[in-house]
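Below is one structure, written out as structure tokens, with a few remarks after it.
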Amino acid sequence: MRAWIEHWKKLTLFEQGLTNMMIAWVVLFGSGIVIFWFYPEEIVRNMGGFASNFFDMSRFEELPAPAERFWSALALSLMVTLTFLSAIVAYDVRKYIHLTLPILVSKGASTFFFLYFYFADRKSFAYLGGAFLSDGPIFLGTLVVYLVALKQQRKVMNI
């Protein structure tokens with residue numbers, strides 16, 4: 001642990017920020033594993049219930065809860081992969097910063113598809129919530145910190 005703390009102190013401000021962000025993503029995505037494992041139907045069902053506290057939900061359509069576990073298996077595998085990638089980047093951001101890219105691709109793609117399906121499938125708050133309350137902010141926040149950390153890293157390494 002002491003060696004990791006000494007390593008962390010040598011990082012640039014944004015490398016430290018990216019490390020902290022990846023630790024937060026380990027917790028967030030790891031929690032997603034538990035939620036997707038034990039409560040897969042409730043995720044879709046409760047998106048509208050949560051949003052009704054803040055929005056007039058009469059203009060949104062409900063998404064049907066999945067009747068099978070096919071999509072849950074895919075969501076779980078993605079959460080495991082994202083958790084693993086985040087943990088590796090957090091362990092040594094200088095060595096593994098490039099592994100932030102698959103996280104960005106995943107979150108950028110899901111944000112795009114949430115918006116696409118909102119317009120092409122049905123006007124469901126679950127799609128907007130995925131784009132603007134979940135994956136979109138994760139994508140944008142990670143992208144900004146990653147780009148600045150990468151720039152600082154190249155400056156430190158004289159690349």
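The values are calculated or read from the model by the stated rules, or taken from the named source; none is laboratory data. Note that the coordinates shown come from a computational prediction; the quantities given were computed from them, not determined experimentally. FYI the Cβ positions are ideal-geometry reconstructions off the backbone, even for glycines, and counts take in every protein chain you see. Side chains included, ligands, DNA and RNA excluded: accessible areas come from the protein's heavy atoms. Shrake-Rupley method; radii C 1.70, N 1.55, O 1.52, S 1.80 Å.
Does any residue of segment 12-26 turn out to be open to solvent by less than 90 Å² (accessible area, probe 1.4 Å) and in contact with a Lys or Arg (Cβ under 7 Å, 6 or more places away or on another chain)?
Applying the first criterion (open to solvent by less than 90 Å² (accessible area, probe 1.4 Å)) to segment 12-26 yields 12, 14-26.
Checking which are in contact with a Lys or Arg (Cβ under 7 Å, 6 or more places away or on another chain) leaves us with 15.
Yes, some residue in segment 12-26 is open to solvent by less than 90 Å² (accessible area, probe 1.4 Å) and in contact with a Lys or Arg (Cβ under 7 Å, 6 or more places away or on another chain).
Residues to consider are ALA126, ALA120; find the one that is open to solvent by 40 Å² or more (accessible area, probe 1.4 Å) and either within 13 Å of THR142 (Cβ to Cβ) or among the small types (Gly, Ala, Ser) (or both).
Criteria check complete, one pass: ALA120.
Condition (residue is closer than 30 Å to ARG154 by Cβ, open to solvent by 40 Å² or more (accessible area, probe 1.4 Å) and aromatic (Phe, Trp, Tyr)) applied to segment 72-88: is it met by at least one residue?
Yes, segment 72-88 contains at least one residue that is closer than 30 Å to ARG154 by Cβ, open to solvent by 40 Å² or more (accessible area, probe 1.4 Å) and aromatic (Phe, Trp, Tyr).
Given segment 1-102, what helices (runs of 4 or more DSSP H) lie entirely inside it while holding 3 or more residues that are more than 30 Å from LYS151 (Cβ to Cβ) and touching a Phe, Trp or Tyr at 6+ places or on another chain (Cβ under 7 Å)? Explain how you work it out, then say what you get.
On the way: elements: 2-9, 13-38, 40-51, 70-91, 93-96.
Hits in segment 1-102: 40-51, 70-91.
Check ARG122 against each of (1) in contact with a Leu (Cβ under 8 Å, 6 or more places away or on another chain); (2) assigned to a helix (DSSP H, G or I) and name the one condition it does not meet.
Unmet for ARG122, out of (1) in contact with a Leu (Cβ under 8 Å, 6 or more places away or on another chain); (2) assigned to a helix (DSSP H, G or I): (2).
Does VAL89 fit the bill of being among the aliphatic types (A, V, I, L, M) and under 21 Å from GLY129 (Cα atoms)? Write out each step before concluding.
Numbers: among the aliphatic types (A, V, I, L, M): yes; under 21 Å from GLY129 (Cα atoms): no.
When the stated conditions are applied, VAL89 does not pass them.
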